[in-house]
1. Between the range 46-98 and the range 104-139, what is the separation of their alpha carbon centroids in Å?
2. Between residue 71 and residue 51, what is the label-to-label distance in nm when each label sits 7 Å out along the Cα-to-Cβ direction?
3. Which of 122, 145, 59 sits closest to the plus end of the dipole of the range 52-163, meaning its Cα is farthest towards the positive end, when Lys and Arg get +1 and Asp and Glu get -1 on the C-beta?
4. Given the Cα atoms of the range 52-163, and with Rh set as the inverse mean 1/r over their pairs in the Kirkwood sense, what is Rg to Rh to two decimals?
5. What FRET efficiency comes out for residue 112 versus residue 149 if R0 is 22 angstrom and r is the Cβ-Cβ distance? Round to the nearest 0.05.
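A short reminder: the numbers here are calculations on the coordinates, not readings from a lab. All values reported here derive from a predicted model rather than from experimental measurement. FYI the Cβ positions are ideal-geometry reconstructions off the backbone, even for glycines, and counts take in every protein chain you see.
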Amino acid sequence: MRRALTMATVMSLAVLTACSAQDEDASSSETSAEQGMEGTTASEDAAAEREVADDPVCQGFLAGQGTPLDERATTQLEVVSAGDDLDSVSFSELTLLSGRLSTLAEQGGDHAALVERVNAPLEQVNDAVVEAGTRTEDVIDIPDVDTEDAQAALEELVGACTA
C-alpha cells in the first residue's frame, strides 16, 4: 500500500511538472506574441548567449524540453554535497536525473566521460540507498559523498559545450 501511494505521488509530481513546463511555454509564447517584433524575451536572450555545440551529449545536456540537465545536475549535486536527508520525491528526482545522465553518457560522443563524472556521486547515493533498502521511507538518509570532481566536470562540460 505504501509503495502504491509513493508511486502515485511520484507520478502526480511528474504530471504536474510536465503541465507547468507546458504552461510556462504557452505563457512565454503569449508574451512574445504580445511584444511583437519590438523586443525579445529573456529565454530568447539566454538562448542567444548560450550556443550549444552540435555534439549529441551537449545537446542532450544543455538543450531540450523542460529544465536543462545541467541546471538539474547543479541542484542535485548541491543537495548531495549538503548531506541532508531526502524525502521520497527528492530521492526520485535524484534517481531520474541519474538515469537520464547514464543514458546520455551511453550515447557516446566527445563529452560522455564528463557526463559520467557528473553522474558518479548521484549513482553512489542511489546505490547506497537501494542497498540499505530505505528508498521507500519517508525520510531517506543519504551517505556522505564527495561532489568536487563532479562539480568540476559539470563546469568543464558546460564550458566545452558552449564554447
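1. 12 Å
2. The modelled label-to-label distance comes out at 2.2 nm.
3. Ranked along the dipole, the leading option is 59.
4. Rg divided by Rh gives 0.98.
5. E between residue 112 and residue 149, to the nearest 0.05, is 0.90.
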